[in-house]
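All remarks here apply to the structure that follows.
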Amino acid sequence: MTAETVERRAVLIAGPTASGKSALALAIAERCDGVVINADSMQVYRELRILTARPSPEDEARAPHRLYGHVDGSDGYTVARYIQDLERTLDETAGRPAVIVGGTGLYFNAMTQGLSDVPPIDEKVRAFWRERARSISPAALHRELAVVDPTLHGRLHPNDTQRVLRALEVADSTGRPLSEWQEKRSRPAIPGAGLARVVMAPARDWLHARIDERFRAMVASGGLDEAAAFAALGLDPVLPVMKAIGLPEMMAAARGDVPITEAVEAAITATRQYAKRQETWFRNQMPEWPRLDPEASRHFLAVVDDIAQRMK
RNA sequence: GCCUGAGUAGCUCAGUUGGUAGAGCAUGCGACUGAAAAUCGUAGUGUCGGUGGUUCAAUUCCGCCCUCAGGCA
């Protein structure tokens, strides 16, 4: 067995937004001298601390935190970059337990099961297909996929333009269909066996109440100003950051386009819908991960102690 | 008190020349390999305000009642 295959001590904590996973991560990290590492696609952006519910400076003082707010909003972040960042961070923090926490199911899949080694897409090719997607119908775009990647043509819905576009880009840029690339995955950053893993699994009603409460607290603590300051940057509306839940709603309210109460309701609804999508992912993509109901506080503490012990 | 309008899905509303109804949003369920807080698919739901009448049949027509909005007093 080479040094490469020796498993890193790590806890993986997934869960829907507002389910209390950051608190669990921090409690565990404090007890085992661990490093909290982000696994959330939006908390990486520097400009949005409040609206993405990033850990506060006080929280960050209690244990080292990594991969939070380390990306500029003008950058387009991707799973591939995340995996690179994660691998580098794991190297840099070797020797201490890693407490990886977040809500992005795709990132957990990529870190435990690997990602296909698709080469970077030629920018000209990418621009060509994005333009083409604007000029022809989704059905027509999907038809073009039939020629270069029949497998994905059959698997993707014609309206799923984002995936159809990716498949077309890859085939065009690499000369091989994406479905072929996807048959092989790279070695995972965190091989799954032997890790401590947990999925936060709160009751739906409890989560909804928390989401409601938390979003109102965000607004009360400056969420609107954060959105206004962000809008002042004048960034390209197609950037991934722009899709942060609550950001478009709060920018509209800051502009005076919609009443604040309406914007808050819209943001809360969007957050609930997101939580539902996350739960679907966790339920079906990671069915074997142990569940933890944050309401069962005695159990919660026992889990913290148990995991912290195993990490030492 | 009178006149007019409205009462249909959780919400906003459409509709039925009389044969028990439908969109959008919300909600549930699902898919997911470099935008994933993204992108996409799919499925419910109804005493058609109440009550009497006409009719083979009333959410639809008629009477009365209730509620809401506007106008007149």
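The values are calculated or read from the model by the stated rules, or taken from the named source; none is laboratory data. What you see is a predicted model, and the numbers here were worked out from it, not measured in a lab. Glycine gets a Cβ as well: all are built from the backbone with ideal geometry, and neighbour counts include every protein chain shown. Ligands, DNA and RNA are stripped out before the accessible areas are found, and what is left, the full protein with its side chains, is counted by its heavy atoms. Shrake-Rupley method; radii C 1.70, N 1.55, O 1.52, S 1.80 Å.
Applying the selection to region A:132-141, what residues are away from RNA strand B (no atom under 13 Å from the Cβ) and either part of a helix (DSSP H, G or I) or open to solvent by 50 Å² or more (accessible area, probe 1.4 Å) (or both)?
Selection gives A:SER135, A:ALA140.
Scanning for something assigned to a loop (DSSP other than H, G, I, E, B) and within 14 Å of RNA strand B (Cβ to nearest atom), does region A:25-40 turn up at least one residue?
Within region A:25-40 (the criterion being assigned to a loop (DSSP other than H, G, I, E, B) and within 14 Å of RNA strand B (Cβ to nearest atom)), the answer is yes, since at least one residue qualifies.
Search region A:75-90 for residues that are under 16 Å from A:TYR45 (Cβ atoms) and pair each with any residue that is open to solvent by 60 Å² or more (accessible area, probe 1.4 Å) and at pLDDT 95 or above when their beta-carbon atoms are under 7 Å apart and the residues are at least 6 apart or on different chains.
Going by the 7 Å Cβ cut-off, the qualifying pairs are A:VAL79/A:LEU106.
A quick yes/no check of all residues on (1) β-branched (Val, Ile, Thr); (2) out of contact with any Pro (no Cβ under 7 Å at 6 or more places or on another chain); (3) away from RNA strand B (no atom under 11 Å from the Cβ):
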residue	(1), (2), (3)
A:ASP59	no, yes, yes
A:ARG66	no, yes, yes
A:VAL71	yes, yes, no
A:ALA98	no, yes, yes
A:PRO119	no, yes, no
A:ARG130	no, yes, no
A:ARG143	no, yes, yes
A:PRO150	no, yes, yes
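Name the pairs: first residue in region A:258-280 and closer than 24 Å to A:ALA203 by Cβ, second residue more than 12 Å from RNA strand B (Cβ to nearest atom) and assigned to a helix (DSSP H, G or I), Cβ to Cβ under 8 Å, at least 6 apart or on different chains?
Once the first residue is closer than 24 Å to A:ALA203 by Cβ and sits in region A:258-280, its partners that are more than 12 Å from RNA strand B (Cβ to nearest atom) and assigned to a helix (DSSP H, G or I) give A:VAL264/A:ARG216; A:VAL264/A:VAL219; A:VAL264/A:ALA253.
Quick check on my filter: what residues within region A:70-92 are assigned to a loop (DSSP other than H, G, I, E, B) and open to solvent by 10 Å² or more (accessible area, probe 1.4 Å)?
Answer for region A:70-92, where residues must be assigned to a loop (DSSP other than H, G, I, E, B) and open to solvent by 10 Å² or more (accessible area, probe 1.4 Å): A:HIS70, A:ASP72, A:SER74, A:ASP75, A:GLY76, A:TYR77, A:THR78.
Would you check if A:ARG277 is at pLDDT 95 or above, closer than 23 Å to A:TYR107 by Cβ and surrounded by fewer than 16 Cβ atoms within 10 Å (Cβ to Cβ)?
Taking the combined requirement at face value, the residue satisfies it.
Tell me yes or no: at least one residue of region A:107-118 is open to solvent by 60 Å² or more (accessible area, probe 1.4 Å), in contact with an Asp or Glu (Cβ under 7 Å, 6 or more places away or on another chain) and assigned to a loop (DSSP other than H, G, I, E, B).
no
Test of understanding: among A:ARG277, A:ARG283, A:ARG272, A:ARG204, which residue is touching a His at 6+ places or on another chain (Cβ under 9 Å) and within 12 Å of RNA strand B (Cβ to nearest atom)?
When all the criteria are applied, what remains is A:ARG272.
Restricting attention to region A:178-197, and to residues there that are within 12 Å of RNA strand B (Cβ to nearest atom) and open to solvent by less than 40 Å² (accessible area, probe 1.4 Å), which single residue is nearest to A:GLN113 (Cα to Cα)?
Residue satisfying both the conditions and the ranking: A:PRO188.
Have a look at A:ALA18, A:ALA53, A:ALA63, A:ALA27 and point out the one that is in contact (Cβ under 8 Å) with a residue 24 or more places away in the chain, crowded, with 24+ Cβ neighbours inside 10 Å and closer than 24 Å to A:LEU292 by Cα.
That would be A:ALA18, the only listed residue that is in contact (Cβ under 8 Å) with a residue 24 or more places away in the chain, crowded, with 24+ Cβ neighbours inside 10 Å and closer than 24 Å to A:LEU292 by Cα.
Is it the case that region A:161-177 has a residue that's open to solvent by 50 Å² or more (accessible area, probe 1.4 Å), within 12 Å of RNA strand B (Cβ to nearest atom) and more than 29 Å from A:ILE100 (Cβ to Cβ)?
no
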